[in-house]
Amino acid sequence: MNKKITILGIESSCDETAASIIQEKNGEIKILSNIVSSQFDIHKEFGGVVPELAARAHVEKIDLITEKAISESKICLDEIDAVAATAGPGLIVCLTVGLNFGKTIAASLDKPFVAVNHLEGHALSPKLNTNLEFPYLLLLISGGHSQYLSVKGLGNYKRLGTTIDDALGEAFDKTAKIIGIEFPGGPKIEEFAKKGDKDRFNLPKPILNRGGCNLSFAGLKTAILRIRSEIKNEQDKFDLAASFQRTIEEILIQKTKKAFEIYLDENRSEKKIFVVAGGVAANKGIKDKLIKLSNENKFKCLFPDLSLCSDNAAMIALVGLEKFKKKLFNELNFKVNPRWQLDDKAKFLKGAGVKI
Ligand code: KG4
Ligand code: ZN
């Protein structure tokens, strides 16, 4: 079959306004354009994303960004087969902008509309640069989520473990903020860590040997708050960043070993594929450690391309493409879903007194 399928993807769930055109031809997927407008400068003075400011910036930018994605892709508007937009999870005021914009374009072009789960975008993202096939074990590590999932197929997820408090990206950002690094601190912590002594500070590894492959990072923030008075100069910051990076790597190694065990108990006869995705997958130290661990355990380990780890619309268009092939379209009255989970049967595991 040499039919071409062309999808417009739109993303506005948090602080990135993004649009992308991808095309599948003879089974090969190409990103024709991938435009991302980040709002770091708007939010940095507040130390985190301010939803109303983010939504306003999406409203101001979304048409320009989409126009740019279409013109850069060099396709004609009538080549678009479907429009896909993020419907959740995320900030409700932000999601509404992209979702309504996507629906309007789909309606005006008279093309099918696909409402996309942002997390499914991350989950499938390595398919844009590798030939990823179901089923696989997924570690999704972003600013809002940290989960191990068994991915059985499109829309078919079973959660094996989750954070019971902060997400990993959030832990990076909070640590950065405590030691005075500008938002978003994740990438900066990694940079600082290269110049520091990883053994100087002894940080906790919450629930390391219990709770299966559930994760917990809030205790690290508390520990860092406690030693904040010891951080007096740049070298102290480098040492703390290096100790934090080492601690996170050790937690992920231990918990991933556990996740391999749990996954294999249920999927003994399947190929051993391990995918790591989401903004924190851009962290090279974490990537190197998890690839090594996968090799030792005979798992094929796949990461998205560095440019596709953080939020983008190519991954949203990709989910649109896969759903288009299965004719899984949505009505134009589809509502935003700020708490949309990949495994909707999984128990809510956050807050005090939670049993893991
Ligand atoms: O997936 P993403 O772009 O947005 C969400 O869906 O949340 O992830 C953003 C998160 C932020 O917390 C950011 O600090 C973190 O990913 N991040 C990193 C790195 N690059 C981005 N954390 C650690 N090391 C990095 N290199
Ligand atoms: Zn994301």
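The values are calculated or read from the model by the stated rules, or taken from the named source; none is laboratory data. Given the structure is predicted, the values throughout are model-derived calculations rather than measurements. Every residue, glycine among them, receives a Cβ derived from its backbone with ideal geometry; neighbour counts consider all protein chains shown. Just the protein is used for accessible areas: all its heavy atoms, side chains included, with ligands, DNA and RNA removed. Shrake-Rupley method; radii C 1.70, N 1.55, O 1.52, S 1.80 Å.
Some observations on this one:
- Anchor LYS188: lysines whose Cα lies under 21 Å away (excluding residues fewer than 8 positions away in-chain): LYS44, LYS174, LYS177, LYS198, LYS221, LYS232, LYS237, LYS284, LYS287, LYS289
- Carbon + sulfur, % of accessible area of the chain - ligands and nucleic acids excluded, 1.4 Å: 51 percent
- Dipole in debye (nearest 20) - the stretch 157-216, about Cα centre, beta carbon charges: Lys, Arg +1; Asp, Glu -1: 240 debye
- Peptide packing for 197-205, 343-351, 78-86 was compared via the average number of neighbouring C-beta atoms within 10 Å per residue; ordered from the highest value, the list is 78-86, 197-205, 343-351.
- Spread of Cα-to-Cα distances over 5 Å intervals beginning at zero, given as percent, for the stretch 15-88: 3, 14, 22, 21, 15, 11, 8, 4, 2, 0
- Span-rule helices in the chain, defined as complete DSSP H runs reaching 20 Å or more along the axis (Cα) with Kyte mean at least 1.0: 92-109
- Paramagnetic label zone (point 7 Å from Cα along Cα-to-C-beta, GLU230; backbone N under 17 Å) in the stretch 179-193: 179-180, 193
- Accessible area (Å², per residue) of the chain, counting only protein heavy atoms and a probe of 1.4 Å: 45 Å²
- The stretch 219-340: C-alpha gyration tensor shape, a/c 1.5 cut-off, then a/b vs b/c: oblate
- Anisotropy class of the stretch 284-356 from Cα gyration tensor, a/c 1.5 cut: oblate
- Qualifying trypsin sites (Lys or Arg not before Pro) in the stretch 1-74, where qualification requires a DSSP coil assignment and no more than 14 other C-beta atoms within 10 Å, comprise LYS3, LYS74.
- The chain: translational diffusion in µm²/s, Stokes-Einstein, Kirkwood Rh over Cα pairs, 37 °C, 0.692 mPa s: 157 µm²/s
- Of the whole protein surface, THR96 contributes about 50 Å² of accessible area at a 1.4 Å probe radius.
- Once the Cα gyration tensor of the stretch 241-292 is diagonalised, semi-axes √(5λ) in Å: 24, 12, 8
- Full extension of the chain between LYS325 and ASN26 yields a length gain of 106.3 nm, computed as 0.36 nm times the residue separation minus the alpha carbon distance.
- Here the chain carries DSSP beta bridges of which approximately 65% are antiparallel, counting only pairs with both residues inside.
- Full extension of the chain between LYS257 and LYS74 yields a length gain of 61.3 nm, computed as 0.36 nm times the residue separation minus the alpha carbon distance.
- For the stretch 145-195 versus the stretch 1-65, the spacing of their alpha-carbon centroids is 21 Å.
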